[in-house]
Amino acid sequence: MRLLFVTSEAYPLAKTGGLADVSRSLPAALERQGAEVIVMIPAYPRAVMQLRDAKVSARIGPVFGITDGVLITGTFPDCDMRVVLVSSATLFGRAGGLYQDDHGVDWTDNGLRFAYFSKVAAELAVGGIDIGWRPDVVHANDWHTGLLPYFIANHEGARPRTVFTTHNMAFQGNFEHGQVPDIGAGDFEFYGKISYLKAGLRYADRVTTVSPTYAHEILTSEYGFGLEGVLAGRGSHFSGILNGIDEIIWNPATDHFLAANYRPRETAGKRVCKRELQRELGLALAPDVPVIGFVSRLTEQKMADALVEALPWIAASGAQLAVVGEGDRGIEAALADAAELHPALSAMVGYDETLAHKLQAGSDILLAPARFEPCGLTQLYALKYGTLPVVRRTGGLADTVVDTNNLSICDRSASGFVFDEPTTDGMISALSRALALYRDQLHWRLVQLQAMTRSFGWDRSAGAYMDPYRGVTGIAPKWREEETGDDEDNARRAAG
Ligand code: ADP
Ligand code: GLC
């Protein structure tokens, strides 16, 4: 099965969050399942610089008035997986962020940038642009690629099948009509705007999201951000598949960013990492003082505002706090000010991949609360690194962390601390339970071992993605009947 995986970011070529990690690790796992994969992202300067064996493989004719497009093919810098970069100096060649300028303001032409990206991906997928390879399935991710299933669905003639994954219903790519090029008329109107997310949800052959609990939640008005009805309309063609993690990149036994490596039952290296983190962040070098880590976008989704409210409590708790994050400018300033004032609090405002690894290894507790969380990867990394996560019972957090209590300690399922109310008090009560367990080192180590030995690698979930892929292509026998019944094109594919 040939799969085109289309995404706006992929680690290490370009990353702002978990989408990049998934866009690297899921395609790699799908290759292990036997799929032939090409990952497609925009040719941001940082991606072009890192691409290995880069060559221009096709010129792109005029699309939406953009005439400087080319496709650049190559591989990831650190593995052989194939990549296609969609290059246009006009749209993607600029310095600054992937979606925003250096002041955190969205690029005003994002509507055009990602309509163009999606249109070029669609052209490649249906053979309008020739790189000597055509996919059976196109997997589009998040609002940036929402128009892609729409463009492909509108193509007359043979077309690949499409799967669309929403990684976060809060980011919708809703644009005024004037900000969108001429994409024709479709069912993607949303409160007077054009919603790229809605297009993806509406026109893909299958829709998925990144955890089973989030899949249930976003069918409700509380979590669906107005698009719950569209999702409900997809019926059994919508499902939740839990993200996995890359166990080579995120593994304390091999992580080359760490001062020392460690593994379950051999955790001496974690103490070295803790000391190194304390040193780097200017915290007291106190081996027995618990370090609470927080590595995240600083937004309301992540309850970063609640973290700010909890700072006096944390400062008085006797623990140390290590924050690495960027986002809301007010929250950044509040954290930096508190760190200035209190020796037990530290904050690195900015984005630092290396420090994120060091923080996971050097902290004792990872604070990862959220008002909503489609999946969340940092709590999965924390489990692997023996850093017990404190999370809210929502989305993927609820699916991956088991609260510590007498029962779960006895049956060896405990792996962290879970709270229900999305409030500062709710968060503090779980945090205080974590600090209490830390003082009971015997039980702490038991739960830590349990956390480290849970498996969140991709292989099971990658297998689960093969179902929708096979479902839409008709390639697998178990789906063939359903698909060929109402779809001539699939019948032809299935026949050979
Ligand atoms: P989301 O994608 O919603 O931000 P995830 O938990 O899925 O949340 O993924 C976040 C990813 O971004 C993780 O790889 C995490 O380590 C990384 N990350 C978040 N903030 C920072 C930061 N300031 N510096 C470095 N890495 C960060
Ligand atoms: C989004 C979500 C996060 C998820 C990530 C990867 O950024 O906010 O919960 O882990 O995508 O799927």
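Calculate, in nm to one decimal, what S432 and C410 gain on full extension: separation in residues at 0.36 nm each, minus their alpha carbon distance.
Numbers: separation 22, 0.36 × 22 = 7.92 nm, distance 2.08 nm.
Length gained between S432 and C410: 5.8 nm.
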- Message: Tell me the relative contact order for the stretch 88-214 as a rounded percent, counting alpha carbon contacts under 8 Å between residues six or more apart.
- Response: 25
- Please say if the stretch 370-470 is rounded, prolate or oblate, where rounded means a/c under 1.5 for a ≥ b ≥ c the square roots of the C-alpha gyration tensor eigenvalues, and otherwise the choice is prolate for a/b larger than b/c and oblate otherwise? oblate
- Note on the structure: Applying the gyration tensor rule to the Cα atoms of the stretch 354-398 (axes a ≥ b ≥ c; rounded if a/c under 1.5, else prolate if a/b exceeds b/c, else oblate), the class is prolate
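Using the number of other C-beta atoms within 10 angstrom as an exposure proxy, rank L285, L377, L231 with the fewest first. Walk me through the intermediate numbers first.
Numbers: L285 10, L377 25, L231 22.
With the sparsest Cβ surroundings first, the list reads L285, L231, L377.
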- Cα extents of the stretch 98-193 along the principal axes, largest first, in whole Å, come to 41, 29, 24
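As an exercise, take the mean of 1/r over every pair of distinct alpha carbons in the stretch 183-280, invert it, and state the Kirkwood radius in angstroms.
Working: mean 1/r = 0.0585 Å⁻¹.
Computed over the stretch 183-280, the radius equals 17.1 Å.
Return S118, S455 ranked ascending by Cβ neighbour count within 10 Å, so the fewest neighbours appear first. Mind showing how you got there, number by number?
Working: S118 26, S455 11.
Exposure proxy ranking, most exposed first: S455, S118.
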- When the Kirkwood radius is taken over all Cα pairs of the chain, what Stokes-Einstein diffusion coefficient follows at 10 °C and 1.306 mPa s, in µm²/s? 68
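Could you list S221, S363, S408 in order of exposure, starting from the residue whose Cβ has the fewest other Cβ atoms within 10 Å?
Details: S221 10, S363 27, S408 17.
Least crowded to most crowded, the residues run S221, S408, S363.
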- Task: Note down the relative contact order for the stretch 268-452 as a percent, whole number, built from C-alpha pairs under 8 angstrom at least six residues apart.
- Result: 20
- Short version: what are the Cα gyration tensor semi-axes of the stretch 268-452, square root of 5 times each eigenvalue, largest first, in whole Å? 23, 19, 15
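How much net charge surrounds A462 when only other residues with a Cβ under 12 Å from its Cβ are counted (Lys, Arg +1; Asp, Glu -1)?
On the way: positive: R32, R460; negative: E31, D246, D459, D467.
Within the 12 Å Cβ shell, the charges total -2.
Kindly rank 301-310, 76-85 from highest to lowest mean number of other beta carbons found within 10 Å of each residue. Display every interim value, and only then the final one.
Values: 301-310: 21.2, 76-85: 17.7.
For the peptides 301-310, 76-85, the packing ranking is 301-310, 76-85.
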- Item | Percent RCO, i.e. relative contact order, over the stretch 30-126, from Cα pairs under 8 Å lying at least 6 residues apart | 27
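Values quoted throughout were computed directly from the atomic coordinates according to the rules given, and no laboratory measurement underlies them. On a predicted model such as this, the values are computed, not experimentally measured, just so you know. No Cβ is skipped: glycine too gets one built from the backbone with ideal geometry, and neighbour counts run over all protein chains shown.
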